[in-house]
1. Name the residues in region A:138-193 that are under 23 Å from residue B:75 (Cα atoms) and either away from chain B (no Cβ under 14 Å) or of a type in the set (Ser, Thr, Tyr) (or both), would you?
2. Which of the residues spanning region A:270-294 are surrounded by fewer than 18 Cβ atoms within 10 Å (Cβ to Cβ) and either under 24 Å from residue A:344 (Cβ atoms) or hydroxyl-bearing (Ser, Thr, Tyr) (or both)?
3. If you scan region A:164-187, which residues turn out to be buried (at least 23 other Cβ atoms within 10 Å of the Cβ) and either within 21 Å of the chain's Cα centre (by Cα) or in contact (Cβ under 8 Å) with a residue 60 or more places away in the chain (or both)?
4. Residues in region A:337-356: is at least one at pLDDT below 75 and either in a loop (DSSP other than H, G, I, E, B) or within 14 Å of chain B (Cβ to nearest Cβ) (or both)?
5. For residues that are assigned to a loop (DSSP other than H, G, I, E, B) and surrounded by fewer than 21 Cβ atoms within 10 Å (Cβ to Cβ), scanning just region B:98-107, find the one that is nearest to the other protein chains (Cβ to nearest Cβ).
6. Within region B:128-178, which residues are in a helix (DSSP H, G or I), within 17 Å of the chain's Cα centre (by Cα), surrounded by fewer than 23 Cβ atoms within 10 Å (Cβ to Cβ) and of a type in the set (S, T, N, Q)?
7. Any residue at all in region B:13-22 that's away from chain A (no Cβ under 14 Å), among the hydrophobic types (A, V, I, L, M, F, W, C) and under 18 Å from residue B:212 (Cα atoms)?
8. Identify all residues within region B:42-86 that are more than 23 Å from residue A:170 (Cβ to Cβ), part of a loop (DSSP other than H, G, I, E, B) and more than 7 Å from chain A (Cβ to nearest Cβ); write none if there are none.
Amino acid sequence: MVKSEIYKFAKIKTIFVSLFLVVVTILLTLYVYGGFGYNLNIFSSVISYSEKSGDLITGKEGYQQNKEIALKYTGEVNDLFLKQLHHDVKNSSYVEFVEGKKFYNATYNFFNATFAIDSENYAKKDDIWGNVDGSVWYGFSGDWDAYGNILNNFFLVFSLFIIIIIAPLFAYDRECNMNELLGTAENGGNRLLKYKTRAAFCSLNFLMFIFLIFISIIHFSQYGFDNANVSIQCSLERRFISSTINMNMGQLTLWRLLFGVIGCNMLGFTAILISMLCRTTLASFALTMVITWSLSYPIVQMIPNENIQNILLAVMPINALFATALLLDFPTWYALWGVVIVRFLLSSILFFITIVIWKRNYLNLNKGD
Amino acid sequence: MTLELKNVDKVYDKKVLNNVNCILKNGVYGLLGPNGAGKSTLIRLICYLEAPTSGNVLLDGKPIKELDGRYRSILGYVPQKVGYYPDFTARDFLNYMCIVKGISKKESKETIENVLSQVNLDDTGLTRIKNFSGGMKQRLSIAQAILNNPDILILDEPTSGLDLEERMRFKQFISEYANDKIVVFATHIVSDIEDIGNELIILSNGKVKTQSSPEELLSAVEGKVWDLTCEKEEADILKKKYPTSNIKTKGNVVELRLVTDKQPTANSVLAKANLQDLYLFLLENNEFEI
């Protein structure tokens with residue numbers, strides 16, 4: 001039955017949409033590597049930041065420069081490290097980067113945080129990362145930053161795919177007047193709910209797995225797994241510099257994957273619920289899009305109250321896909337695990353509501369029961 | 001096999017079914033009633049698409065709610081609104097329905113070819129259902145209902161959209177099919193079940209007006225059906241006064257068939273009653289019981 005449901009998805013043309021998305025994802029991946037080298041994050045401020053200043057180096061040139069500096073100073077960040085860095089920068093050609101004439105913004109982030117060029121004094125490690133529970137390891141983070149960006153971009157594109165394949169799950173049956181027929185069939189009722197849900201999540205997770213494998217093979221075959229131990233404070237993402245979480249780029253990537261997978265599955269539950277309540281596929285698709293995206297990270301940021309922001313970030317499935325944002329806005333381990341637990345609880349609640357709605361509304365078995 | 005509706009009530013905003021009691025055994029049951037009488041609700045209850053507000057639907061003494069999947073495995077249903085996936089071919093659709101109905105893959109291929117041939121859709125090939133005519137869609141709906149060779153076949157207005165020849169074929173098929181099965185045939189077209197209904201259940205205002213064989217029912221109106229010819233003006237008066245089962249106008253002359261206890265006019269002659277006469281008579285005489 002799971003197979004037949006997947007076959008039904010294919011018949012209602014989602015297969016073509018899927019293929020289209022595959023192509024988009026592939027092009028996006030190629031674009032990242034071929035067009036912009038390592039400095040692409042289409043959903044962050046990096047592009048606009050770069051565009052404002054003609055002096056910024058982007059793409060492969062910036063990456064090479066960043067790598068050159070990082071390789072030279074790779075090591076644990078301590079006062080001695082900062083003193084050496086300060087001394088070298090003041091007496092080398094790197095100074096021109098930090099004077100704003102020609103620098104790669106990732107490098108700039110780190111340099112800028114560690115010392116002021118006009119000052120004779122360098123900042124102490126504890127002044128900057130005193131709250132980090134553990135050591136900060138400096139090194140080249142470009143490969144892992146790029147992989148993180150690709151994951152972010154992938155999950156956002158994939159969220160659209162999820163909505164497209166799940167929107168018709170139940171709404172299409174209603175649209176086609178199939179509810180009564182299915183409700184009177186032996187495997188109708190609860191079994192059908194089980195099979196449909198399984199079909200949706202099998203397709204969702206299987207395709208997500210395939211895409212992730214594809215992206216990972218392309219990435220890691222080219223750049224390997226080096227520098228996974230570089231601290232997130234040294235990442236291209238400038239806001240990580242002030243994070244108090246002791247985490248390295250490898251761990252950050254795992255968190256991004258975890259958030260992405262949880263987020264996609266939560267989005268799946270949301271889409272299933274909406275699909276049950278809508279009479280047409282189009283309505284189901286539109287409503288899921290509106291509900292999920294209207295409280296997405298960029299919109300939530302506009303809300304003045306920080307507590308409300310954090311609640312929405314933790315609760316709205318779509319925001320799990322903005323993994324970087326979540327890591328920045330929940331900057332302690334407790335908060336981070338709290339968000340994961342909230343997400344699992346929310347998934348359970350969504351699952352429970354799905355069952356209730358199925359029994360009460362979808363099959364109309366409530367009245368007088 | 002006995003399907004029993006025991007003291008069944010169904011209330012939405014108002015009471016749609018009121019203390020419905022009937023017992024169905026093997027044979028064709030014509031469920032007759034005007035629009036809004038509660039036919040579709042009754043059918044939804046029999047199909048367990050909805051639960052009764054009070055009372056029970058029992059199969060061989062067991063509530064169908066308890067039987068759940070086992071009950072649905074012996075059920076076939078043709079809904080009033082034809083359901084189908086427009087991009088599927090007939091075979092794709094029936095294949096999907098076989099899976100939903102729990103028919104094994106091994107059996108399904110042969111079963112699908114059999115039912116397609118029974119409903120005369122075996123040559124539709126790769127044509128998608130959205131390109132079928134209304135009659136073809138209706139026949140496909142019938143095909144899906146008999147895929148699992150159900151012991152209980154529920155048909156809600158199954159002949160709508162069928163042409164005359166298809167109607168005849170369908171009636172013949174139902175007549176043969178119902179040999180050892182329960183077939184409930186809901187309609188408001190009396191001629192649909194005139195020849196094939198073993199029993200008629202007439203619903204009016206949510207109540208079972210009567211359940212009996214056509215012969216028994218007809219005997220109750222025997223001597224109450226009158227044919228007469230009159231002028232148009234008089235016909236208008238008579239139509240208002242008596243239940244009218246047939247009207248034929250030829251210029252200013254009108255041929256009327258009226259159902260009433262007493263002779264309506266001096267020139268009216270007694271006629272042989274048919275089901276249409278009976279149906280009208282029952283609907284217009286609320287107090288009348290058989």
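1. A:184, the sole residue that qualifies.
2. A:277, A:280, A:291, A:293, A:294
3. A:165, A:166, A:167, A:168, A:169, A:170, A:171, A:183
4. no
5. Taking region B:98-107 and keeping what is assigned to a loop (DSSP other than H, G, I, E, B), we get B:101-104.
If we keep only those that are surrounded by fewer than 21 Cβ atoms within 10 Å (Cβ to Cβ) as well, we get B:102, B:104.
Numbers: B:102: 4, B:104: 12 Å.
That would be B:102.
6. Within region B:128-178, B:138, B:172, B:175 qualify.
7. Checking region B:13-22: at least one residue is away from chain A (no Cβ under 14 Å), among the hydrophobic types (A, V, I, L, M, F, W, C) and under 18 Å from residue B:212 (Cα atoms).
8. Across region B:42-86, the qualifying residues are B:60, B:61, B:74.
The values are calculated or read from the model by the stated rules, or taken from the named source; none is laboratory data. Keep in mind the model is a prediction, meaning the values are calculated, not measured. No Cβ is skipped: glycine too gets one built from the backbone with ideal geometry, and neighbour counts run over all protein chains shown.
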